[in-house]
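Here is the structure we will look at, set down as structure tokens.
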Amino acid sequence: MMRLAGTTDANNNNANVVTNVTYNAASQLLTMTAGFNETRTHNTLGQLTGLNNVAQNLTYNYPTGTNNGKIACARCSTTRRRARSSARISSTSCRPARRRLCTSRS
């Protein structure tokens, strides 16, 4: 099976746009570099459970017990730099799927 290994920009001397693309045995995208590194994780059912890059970390949760394939909750954590400091600010928000909230314990 042919899989995309990367892309180039024909208008910019064929500069690499996407590189270092990797897949798992089920042909699911695992990693790629597009100016930043991105990593994806999947559960044993092949469902996307995480998408992480320099700007955000997305986590997808599915129902326990009877997993019907629908996302129960999606959580997005972002990290950004303060304007006048090198300190990182982290924030987390949850976007419920079908009006359900994810909760986390610290």
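A short reminder: the numbers here are calculations on the coordinates, not readings from a lab. In this text, all values refer to a predicted model and were calculated from it rather than measured experimentally. Note: ideal-geometry Cβ built from the backbone for every residue, glycine included; neighbour counts use all protein chains shown.
If I model a spin label as a point 7 Å beyond the Cα along the Cα-Cβ vector, how far apart are those points for A25 and N67 in nm?
So the label points at A25 and N67 sit 1.7 nm apart.
What nm distance separates the two modelled labels at A74 and N12, each placed 7 Å from Cα along Cα→Cβ?
Those two pseudo-labels are separated by 2.6 nm.
What does the highest-first list of 51-60, 28-37 look like by mean Cβ count within 10 Å?
Averaged packing, sorted descending, gives the order 51-60, 28-37.
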